[in-house]
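As structure tokens, the structure follows; a few thoughts come after it.
Taken together, the values in this text are just the output of simple stated rules run on the coordinates, not laboratory data. Small disclaimer: the values here were computed from a predicted structure and weren't measured. Every residue, glycine among them, receives a Cβ derived from its backbone with ideal geometry; neighbour counts consider all protein chains shown.
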Amino acid sequence: MRNHLLTGLLFVFSVISLSSCATTPDAGATTAAVPYPLKTCVVMDGVALKQEGRPIRTVYQGQEMLFCCKQCLRIFQKDPEQYMSKFRQQTGG
Ligand SMILES: [Zn+2]
């Protein structure tokens with residue numbers, strides 16, 4: 001039954017490597033998220049994202065979302081699904 005023990009050990013090692021990968025320190029990031037691919041705000045069509053300083057940012061269901069201003073973030077948070085479907089259309093997903 002040595003093989004069985006070895007398989008168990010391999011499983012434990014893979015779990016450890018997976019969890020250590022997930023907890024890799026990432027400066028400033030609160031959650032591991034898919035980077036926002038657009039150059040424009042999804043709430044206000046065609047308006048460029050905030051360029052200077054800190055971006056207006058949130059993470060919705062693992063997707064990073066960036067906005068041109070705080071108001072857009074608030075609008076997004078009131079009805080995220082509406083803007084997520086708009087976002088998916090714009091990204092072709
Ligand atoms: Zn805005």
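How much net charge surrounds residue 50 when only the other residues with a Cβ under 15 Å from the Cβ of residue 50 are counted, with Lys and Arg +1 and Asp and Glu -1?
Charge balance near residue 50 sits at +3.
Taking the Cβ of each residue in 73, 9, 38 as the centre, tally the other Cβ atoms inside 10 Å and list the residues starting with the fewest.
Lowest count first: 9, 38, 73.
Report the Rg/Rh value for the stretch 33-93, based on alpha-carbon coordinates and the Kirkwood definition of Rh. Provide the component values of the computation, followed by the final result.
Numbers: Rg = 10.4 Å, Rh = 11.4 Å.
Dividing the radius of gyration by the Kirkwood radius yields 0.91.
Between residue 3 and residue 60, take the C-beta separation as r, use R0 = 41 Å, and let me know the FRET efficiency to the nearest 0.05.
0.35
Using Cα pairs under 8 angstrom and six or more residues apart, how large is the relative contact order of the stretch 33-93, in percent? The partial results should precede the final answer.
Numbers: 73 pairs, mean separation 20.3, N = 61.
The value is 33 percent.
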